[in-house]
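Working notes, beginning with the structure itself.
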Amino acid sequence: MNVYKGSILTVNAQDEVFRYLVEDRGRIVFVGDELPSAYAGGPVISLGTRALAPSFVDTHEHFASFATFNAGLNVMAARSNEEIMQMASDFARRSKARILIAFGASPHSVAEGRLLSRAELDAVCSDRPFMMVKYDGHACVVNSRLLELADKKVRGLRGYHPDTGEMNQEAFFAASGLITASLSLPELVSNMLDAMDYLASKGIGMVHTVSGIGFAGDLDITLEKIVGRGAQHGFQMRVFPQSMDVAVATSRKLPRIGGCFACALDGCFGSVDAALIEPYAASEDCGVLYYTDEQVIGFCRQAHEAGLQIEMHAIGDAAFAQAARCLKAALDAGPRADHRHGIIHGCLPTAEGIDICADYGIQIPMQTSFIDWPQESDGYLESLLGPARAARLNPIRTLWDKGVVISAGSDAPCTDPDPIMWMDKAVNNPSRHERLTRREALRMCTYNGAWASFDEHERGSLEAGKIADMVVLSANPYEVPAADFGAIAVERLILSGKPYRPQSKNMVTALICGLASKAKI
């Protein structure tokens, strides 16, 4: 038994803050201001100026991809290609990997205003294949060594640019498939276990992962299910297969389906293929809707009738409107009170689409990390969309006030899975009229995340009877000045009442335990 004394941020229905929390055998047995005599003899953990809150939930992450890239080089913080080349050179010198992977390059966050070229990657590393993946996960640049290996697979595909080494669209997916196919099973599992530890260091105790891209036979989905079930120390994973084939979920006995890629209704702003109702500011192009309404409605109805929870990627307003009306069509055909279908991202929602979400209970796993994002700067988005549309991006306050449930996801590896950053961006949104309060921001990252996967009865708030999944924060986010919000640190993650410890199983043990486990996934 442990007695926590200090600021206990419950995130319960009343958003109450109490003085004491008692944990016993992994469960919360008491929360209140006056400690009952039955617990008076228990060891007291004094929080001082710190705060205890529910552990965080990342409701949209490409876990297998993040695990792979997390084992490589992250260049998101670089502000010039010269700096990226130096980072890549150092990485190539110290890494023993057969194929080198870097992630996070953006033409919008470096002084040169462009991606590295194949020749520049060759200057960094010419003896091993090297892939520099763009921040949005929709393109990459490869060196000559990798181009030689990939040429037969990518030649003739849309997006193949051997002169610069840039691969996008179909060529990018083919090149990515070559990389993922080269990873051994021990590497994949080891990377996943390391990724869990990284997420835990950020206070994340549960991740909703969307997978099913680039791995033969959807190996990433299968591995996430097994490794997630075998995870140690209370770490939780909820798997969404990224497929329009309902059988991919039902054959694995997964209760949900959706994500990006095959379940993406459009592209993204970085590749200028997010689907818009009106053309982009500097062209007559409206982006790309990947599917017709008939196709999306057919998928939604089939998945809905199979009892699955559905999520679909929509960045542009045309895609958001399509997602909303197609989910509405499925729900009109077969009403279900508590479906919790969702529209991922929801960057540029329409007023009509927002009303549908509010009326039909459609939730939105959003990425507040996209707000004021160096990899896709406000200046770039304004030049792309025009000032009026750019001002309507990520309307978190509008959605919240309409009653739409918003949770927070990283879209990792696209952004760093950092809940403190998510809350900071929500509280300090440059669009002042779209800011959330501190309490709303914490709820978005905790309770709403658990609710989005039907876990709110066991997790997401600090209430008696629930599992003691908690995080110790260096300061009380309800009291810290808004300007200092980003300085809050995660000091400790506690899952099932115990401080999180690194995953320690080897590949064989992790797989055996996962196959034998009946844990929720």
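Could you tell me whether any residue of segment 425-441 is within 23 Å of Y198 (Cβ to Cβ) and touching a strand residue (DSSP E or B) at 6+ places or on another chain (Cβ under 6 Å)? No. Within the set V11, V110, the sole residue that is of a type in the set (V, I, T), more than 21 Å from P477 (Cα to Cα) and outside any strand (DSSP E or B) turns out to be V110. Of the helices (runs of 4 or more DSSP H) lying entirely inside segment 399-504, those containing at least 3 residues that are in contact with a helix residue (DSSP H, G or I) (Cβ under 7 Å, 6 or more places away or on another chain) and buried (at least 20 other Cβ atoms within 10 Å of the Cβ) are 419-427, 438-445.
Residues that are surrounded by 19 or more Cβ atoms within 10 Å (Cβ to Cβ) and on the phi < 0 side of the Ramachandran plot do occur in segment 31-42. Answer yes if at least one residue in segment 117-127 is touching a helix residue (DSSP H, G or I) at 6+ places or on another chain (Cβ under 9 Å), in a strand (DSSP E or B) and either surrounded by fewer than 21 Cβ atoms within 10 Å (Cβ to Cβ) or outside the structural domain of F370 (by TED's automatic domain parsing) (or both), and no otherwise. Checked against the condition, which is being touching a helix residue (DSSP H, G or I) at 6+ places or on another chain (Cβ under 9 Å), in a strand (DSSP E or B) and either surrounded by fewer than 21 Cβ atoms within 10 Å (Cβ to Cβ) or outside the structural domain of F370 (by TED's automatic domain parsing) (or both), segment 117-127 yields no hits at all.
Got at least one residue in segment 199-212 being assigned to a helix (DSSP H, G or I), more than 22 Å from H138 (Cβ to Cβ) and of a type in the set (D, E, K, R)? No - not one qualifying residue is present in segment 199-212.
Tell me which residues, restricted to segment 321-351, are of a type in the set (D, E, K, R) and in a loop (DSSP other than H, G, I, E, B). Within segment 321-351, R336, D338, R340 qualify. Could you tell me how many of the residues in segment 128-170 are touching a residue at least 12 places away in the same chain (Cβ under 8 Å) and part of a loop (DSSP other than H, G, I, E, B)? So the answer is 14.
Total residues in segment 246-258 satisfying the condition of being in contact (Cβ under 8 Å) with a residue 12 or more places away in the chain and part of a loop (DSSP other than H, G, I, E, B): the figure is 3. Scanning segment 236-245 for residues that are outside any loop (DSSP other than H, G, I, E, B) and free of Cβ contacts under 8 Å to residues at least 60 places away in the same chain yields a total of 1.
Here F173 meets each of (1) within 25 Å of K253 (Cα to Cα); (2) part of a helix (DSSP H, G or I); (3) not charged (D, E, K, R) with one exception, condition (1). Taking the criterion of being within 14 Å of I315 (Cα to Cα), modelled with pLDDT under 95 and in the same structural domain as V427 (by TED's automatic domain parsing), would at least one residue in segment 361-373 satisfy it? No; the residues of segment 361-373 include none that is within 14 Å of I315 (Cα to Cα), modelled with pLDDT under 95 and in the same structural domain as V427 (by TED's automatic domain parsing). For the criterion of being in contact with a helix residue (DSSP H, G or I) (Cβ under 8 Å, 6 or more places away or on another chain), closer than 15 Å to D293 by Cα and of a type in the set (A, V, I, L, M), A323 passes.
Yes or no, residue by residue, for (1) over 22 Å from S453 (Cβ atoms); (2) assigned to a loop (DSSP other than H, G, I, E, B); (3) of a type in the set (G, A, S):
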site	(1), (2), (3)
C260	no, no, no
D266	yes, yes, no
S271	yes, yes, yes
P279	yes, yes, no
C286	yes, yes, no
E294	yes, no, no
F299	no, no, no
A319	yes, no, yes
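Beta carbons closer than 6 Å, at least 6 apart along the sequence or on distinct chains, pair a first residue in segment 342-358 that is free of Cβ contacts under 8 Å to residues at least 40 places away in the same chain with a second that is assigned to a strand (DSSP E or B) for I343/A314; I343/I364. Scanning segment 111-166 for residues that are closer than 21 Å to G267 by Cα and touching a Gly at 6+ places or on another chain (Cβ under 6 Å) yields a total of 3.
Among residues of segment 271-286 that are on the phi > 0 side of the Ramachandran plot, those with a beta-carbon under 9 Å from a residue that is surrounded by 15 or more Cβ atoms within 10 Å (Cβ to Cβ) and part of a loop (DSSP other than H, G, I, E, B) at least six positions away or on a different chain give the pairs V272/Y280; V272/G287.
The residue of segment 46-75 that is farthest from Q86 (Cα to Cα), among those that are of a type in the set (S, T, N, Q) and either surrounded by fewer than 23 Cβ atoms within 10 Å (Cβ to Cβ) or within 14 Å of the chain's Cα centre (by Cα) (or both), is S46.
For segment 380-390, the set of residues classified as farther than 15 Å from G270 by Cβ and either within 22 Å of the chain's Cα centre (by Cα) or surrounded by 16 or more Cβ atoms within 10 Å (Cβ to Cβ) (or both) consists of R389 only. Return the residues of segment 393-407 that are of a type in the set (G, A, S) and under 20 Å from the mean Cα position of the chain (by Cα); say none if nothing qualifies. S407 - this is the single residue of segment 393-407 that is of a type in the set (G, A, S) and under 20 Å from the mean Cα position of the chain (by Cα). Considering R94, R118, R158, R79, the condition of being closer than 25 Å to G212 by Cβ and charged (D, E, K, R) is satisfied by R158 alone. The single condition among (1) assigned by TED's automatic domain parsing to the domain that holds L289; (2) over 23 Å from A319 (Cα atoms); (3) crowded, with 23+ Cβ neighbours inside 10 Å that R238 does not meet is (1). Among the residues of segment 126-153, those identified as over 29 Å from the mean Cα position of the chain (by Cα) and of a type in the set (S, T, N, Q) are S126, S144. Within segment 27-44, the residues that satisfy the criterion of being closer than 25 Å to P477 by Cα and of a type outside the set (A, V, I, L, M, F, W, C) are R27, G32, D33, E34.
The values are calculated or read from the model by the stated rules, or taken from the named source; none is laboratory data. These numbers were taken from a predicted model, which means no experiment stands behind them. Methodologically, a virtual Cβ is constructed for each residue, glycine included, from the backbone with ideal geometry; neighbour enumeration extends over all protein chains shown.
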